[in-house]
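Novice: Handing you this structure, nothing more for now.
Each reported figure results from applying straightforward, stated rules to the coordinates on display, with no laboratory input. Keep in mind the model is a prediction, meaning the values are calculated, not measured. Backbone-built Cβ (ideal geometry, glycine too); neighbour counts: all protein chains shown.
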Amino acid sequence: MSLFPFDPIRYFQQLEREISRFLPDDLLTFGQIELHETDQHIFVACQLPGLKKIDEVEARIVREMYLQMIRKANGSYEVKQDSWVSSQQFTGTSQQSFQLPARVYSSPIFMRIVQPGKLEIQLLKKH
């Protein structure tokens, strides 16, 4: 018998497993991020599974040293089994921030989708 009958960590792990059964795997996730630096620019390449349109992602510079990416999702999906159908609509955001290797200007920020699910961001360095 446990000294602590309620384990909040185990409770939230179970809750996460139950919720993840109904959500698509690539909903609002950020994948691998790569940084490349030149004398004038910093290039950020990131994997964003399911990204189709550039307006699903917002990028901004915070205090000249941090890149903050915000991903928005609105959509629906349907799961069909033998005798039942589950239809879900979802909306939400997720964000990721990380420190850059040098100070950059807050604008302009150039973003483009180089292939489905891969975003490239170009930032101008301050000297």
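Novice: Skipping prolines and chain starts, which residues have an amide H placed within reach, meaning under 5 Å, of the one on LEU100, given they are 5 or more residues away or on another chain?
Specialist: TYR66, LEU67
Novice: If Lys and Arg each add +1 and Asp and Glu each add -1, what is the summed charge of the other residues whose beta carbon sits under 10 Å from the beta carbon of LEU119?
Specialist: Here the count lands on +1.
Novice: Given a 10 angstrom Cα cut-off, can you work out which residue in LYS72, LYS80, LYS53 is the most mobile in a GNM of the chain?
Specialist: Sorting by GNM fluctuation, first place goes to LYS80.
Novice: Convert each backbone phi in the range 51-59 into a coupling constant with the Karplus relation 6.51 cos²θ - 1.76 cosθ + 1.60 (shift: θ = phi - 60°), then list the ³J(HN,Hα) values in order as whole Hz, x for Gly and Pro.
Specialist: 5, 10, 10, 5, 6, 7, 10, 10, 10
Novice: Per-residue counts of other Cβ atoms within 10 Å, averaged by peptide: what ranking do you get for 37-44, 84-91, highest first?
Specialist: Working: 37-44: 13.0, 84-91: 9.6.
Ranking the peptides 37-44, 84-91 by packing returns 37-44, 84-91.
Novice: Mind listing the phi-derived Karplus ³J(HN,Hα) values for the range 76-90, rounded to whole Hz, using 6.51, -1.76 and 1.60 with θ = phi - 60°, and x for any glycine or proline?
Specialist: 8, 8, 9, 10, 10, 10, 4, 10, 8, 10, 10, 10, 10, 10, 9
Novice: Can you tell me the length gained on complete extension of the stretch ALA102 to GLU34, counting 0.36 nm per residue apart and subtracting the Cα distance?
Specialist: Working: separation 68, 0.36 × 68 = 24.48 nm, distance 1.48 nm.
That pair, ALA102 and GLU34, stretches by 23.0 nm at full extension.
Novice: Given the -39500 (n - 2.57) contribution per DSSP H run of 4+ residues, what per-residue ellipticity at 222 nm results for the chain, rounded to the nearest 500 deg cm²/dmol?
Specialist: It comes out at -3000 deg cm²/dmol, rounded to the nearest 500.
Novice: Using θ = phi - 60° and the Karplus relation 6.51 cos²θ - 1.76 cosθ + 1.60, list the HN-Hα couplings for the range 117-127 in order, rounded to whole Hz, with x at every Gly or Pro.
Specialist: x, 10, 10, 10, 10, 10, 10, 8, 6, 8, 10
Novice: Which of the three applies to the chain, rounded, prolate or oblate, going by the alpha-carbon gyration tensor with a ≥ b ≥ c and a/c under 1.5 meaning rounded?
Specialist: oblate
Novice: Listing TYR66, TYR11 from the residue with the fewest other Cβ atoms within 10 Å to the one with the most, what is the order? Provide the component values of the computation, followed by the final result.
Specialist: Numbers: TYR66 13, TYR11 10.
Final ranking by Cβ density, sparse to dense: TYR11, TYR66.
Novice: Past 18 Å, Cα to Cα, is the threshold; run LYS52/LYS80; LYS72/LYS118; LYS53/LYS118 against it and keep the listed order.
Specialist: Over 18 Å Cα-Cα: LYS52/LYS80.
Novice: Please compute the modelled spin-label separation between VAL85 and PHE12, points set 7 Å along Cα→Cβ, answer in nm with one decimal.
Specialist: Roughly 3.7 nm, to one decimal.
Novice: Relative contact order, percent, of the chain when contacts are C-alpha pairs under 8 Å separated by at least 6 residues?
Specialist: 26
Novice: Could you state the angle between the C-alpha long axis of helix 8-20 and the longest principal axis of the C-alpha atoms of the chain, as a value from 0 to 90 degrees rounded to the nearest 10?
Specialist: 80
Novice: Summing +1 for each Lys or Arg and -1 for each Asp or Glu, what net charge is found among the other residues whose Cβ lies under 12 Å from the Cβ of VAL57?
Specialist: Values: positive: LYS52, LYS53, ARG60, ARG71, LYS72, ARG112, LYS118; negative: ASP55, GLU56, GLU58, GLU120.
That works out to +3.
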